[in-house]
Amino acid sequence: MLRPSLLLLGVAVMITACASLEDYRLPDGRLDGERLYAKRCGSCHEPFAREDYGANEWIGHVEHYGPRAGLNAEARAAVLLWLCEPRQAR
Ligand code: HEC
């Protein structure tokens, strides 16, 4: 039958997607928000520049698009920290 095998495939894909977040682990144990953002948030479109949005807007965008990019809560937090890291005003 087709259905059980499709279900298994789906589960396998989900597990693979989750496990690969570990590839973004830094030596100190945190997730690398900069690399996650470039790779995951840049998979459907060019990643927007950090300067394009303020912290309040990034919170909304990361909550909205994070699940589509396969980011769990920890990964979304790491990406947000990087996006909203204090930087010099232009
Ligand atoms: C599965 C594909 C996909 C992924 C992954 C993705 N985006 Fe997008 N993004 C889109 C599409 C499509 C649009 C155009 C607006 C829409 O249709 O929602 C968009 C638009 C945007 C915009 C423009 C503002 C808006 O909402 O229209 C921002 C900012 C953005 N994405 C941020 C992100 C961030 C941050 C991530 C990672 C957490 C991300 N995207 C990952 C598909 C994606």
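Key figures for this structure:
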read-out	value
Subset tally (residues that are of a type outside the set (Asp, Glu), loosely packed, with under 10 Cβ neighbours inside 10 Å, within 15 Å of the chain's Cα centre (by Cα) and at pLDDT 95 or above) for segment 1-48	1
Restricting segment 59-90 to residues that are within 8 Å of the chain's Cα centre (by Cα) and outside any helix (DSSP H, G or I), the residue that is surrounded by the most Cβ atoms within 10 Å (Cβ to Cβ)	Leu71
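The values are calculated or read from the model by the stated rules, or taken from the named source; none is laboratory data. These figures come from a predicted structure and were not determined experimentally. Cβ sites come from the backbone with ideal geometry, for glycine too, and all protein chains shown count toward neighbours.
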